[in-house]
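Notes follow once the structure below has been shown.
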Amino acid sequence: MAITSNISKNILNQELSIQVSLSGLSFCILQRDTNTIEYIKHITFDKKLNPFEVLDQLKHQFNTENELKNTFKNVQVIHANELSTLVPKPLFTEDNLADYLKFNSKILKSDFIAHDSIVINDSVNVYVPYVNINNFIYDLCGSFTFRHSSTILIENILSIEKNSSIKKMYVNVNKLTFEIVVLNKNKLVLYNTFEYTTKEDFIYYVLFTAEQLELNPETFNLIFLGDIDAKDELYIVAKKYVRFVFLGNREDEYNYSIEAQPQSYHSDFTLIKSF
C-alpha cells in the first residue's frame, strides 16, 4: 500500500506542457518533486494543417501515448502562431483587443482574442489562441492555463539578458517559421514572426530586420535558439553575413531523464521554459 501511495503522489506532482502549432505538436512532462523533465515528444506534420486537423492529431496522441494518460497537477497549453501583437500596458484596454491585432494580423470577427501580461517589460501580448484545442483540453483535464509562445520567449530572453549592455538579436527557429527578438541594452526593441522555406528567405528577413533597426552586422550579436545547430544551413548562411553568431542557452536547472534529453542547450526553449 505504501508503494501505491507514493506512486500516486508522484503522478499528482507531474506537470504537462503542450505546445500547439499548425506545423506540429510538442509535449513535455515535469516531475516537480525531483525537478526532472521525464518526457519530451515532438510530432512534426508533413504539411501545415488547419486547427481542426491539429485537434485530430492531438486527440490521437492522448489516445495512444501512455505518458499522457496520467493525472497532472498542472496542465498548460502554449499557442504558437503569428496572430499576436505587443501593447504597452499603459495603453492597453480590453475593449480594444481586436483593434490591436487587426493592423498586423488577419483575424475574423468570430475569433476569440486573449492576452498575456509580460510583467518584466510592462507590456501585454494580445493574441488569438486555438479555441478548439483549449476546449478539448478543458474537457479532458479540467482547469488549465494557456499562453502564447511569444510571451514565454520574450519574458525569458529579457530575464536572461537583464544585465546585457550590447545589441542582440535572438532567432528562435521552428520548422516553417522563425521568431526574431531584438534587444538593445536589455530593452525589447522588436518581436516578429516570419515564414520561410529556403535559407535565402531566412537570411533576407534577418538582414532586412537588422537594416531597419540600424544594427551593424559587424557588431551586434546574433543568437540562435530552437531547431538549429552549427551544421545547419541557416546557421552557416548567417555566419557569412553576421560577424558574431552564437548558439544560445536555456539556462534552466532541470534534471533530465535518459528518455527526455533535449537535442541541445538551446532547443525546445519555449516548451521547457514554460514551467
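For a straight C-alpha distance cut-off of 16 angstrom, the lysines reachable from LYS69 (same-chain residues fewer than eight places away being disregarded) are LYS9, LYS41, LYS59. A convex hull fitted to the Cα coordinates of the stretch 200-275 yields 111 cubic angstrom per residue. Accessible surface calculations at 1.4 Å, restricted to protein heavy atoms, place the chain at 53 Å² per residue.
Annotation for LYS175 and ASN163: the two label points, set 7 Å from Cα along the Cα-Cβ direction, are 3.9 nm apart. Pairs of C-alpha atoms in the chain farther apart than 26 Å represent 45 percent of all such pairs. Of the solvent-accessible surface of the chain, computed with a 1.4 Å probe and all protein chains present, 50% belongs to carbon and sulfur. The packing ranking of peptides 17-23, 42-48, highest mean first, is 17-23, 42-48, where packing means the average number of other beta carbon atoms within 10 angstrom of each residue. Okay, which of the stretch 162-183 sit inside 14 Å, backbone N to the point 7 Å along the Cα-Cβ direction of PHE246? Residues 162-171, 183 qualify, since their backbone N sits under 14 Å from the label point.
Between the listed residues GLN261, PHE208, GLN57, the Cα displaced farthest toward the positive end of the dipole of the chain, a dipole computed from Cβ unit charges relative to the Cα centre, is found at PHE208.
Figure the gain on full extension for GLU211 and ILE236 (residue separation times 0.36 nm, minus the Cα-Cα span) and round it to one decimal in nm.
Numbers: separation 25, 0.36 × 25 = 9.00 nm, distance 1.97 nm.
Length gained, GLU211 through ILE236: 7.0 nm.
Rounded if a/c is under 1.5, else prolate if a/b is larger than b/c, else oblate: which is the stretch 107-154, with a ≥ b ≥ c the root eigenvalues of its Cα gyration tensor? Here the stretch 107-154 falls in the oblate category.
Take every pair of alpha-carbon atoms less than 8 Å apart whose residues are at least six positions apart; their mean separation over the length of the chain yields a relative contact order of 17 percent. The stretch 124-146 and the stretch 30-97 have Cα centres spaced 8 Å apart. The calculated Kirkwood hydrodynamic radius for the stretch 2-141 is 17.0 Å, given to one decimal from all distinct C-alpha pairs.
Secondary-structure-derived ellipticity at 222 nm for the chain, considering helices only, amounts to -8500 deg cm²/dmol, per-run term -39500 (n - 2.57) for DSSP H runs with n ≥ 4.
Considering only beta bridges that DSSP places wholly inside the stretch 174-275, some 65 percent are antiparallel. If you restrict to DSSP beta bridges whose two residues both lie in the stretch 1-148, what percentage is antiparallel, to the nearest 5? The antiparallel proportion sits near 70 percent. Of the DSSP beta bridges with both residues in the chain, give the percent that are antiparallel, rounding to the nearest 5. If we restrict to bridges inside the chain, about 65 percent are antiparallel. About its Cα centre, the dipole of the chain is roughly 260 debye, where the only charges are +1 on Lys and Arg Cβ and -1 on Asp and Glu Cβ.
The values are calculated or read from the model by the stated rules, or taken from the named source; none is laboratory data. On a predicted model such as this, the values are computed, not experimentally measured, just so you know. Neighbour counts run over all protein chains shown; Cβ positions are idealised from the backbone, glycine included. Note: areas computed on protein heavy atoms with side chains; ligands, DNA, RNA excluded. Shrake-Rupley method; radii C 1.70, N 1.55, O 1.52, S 1.80 Å.
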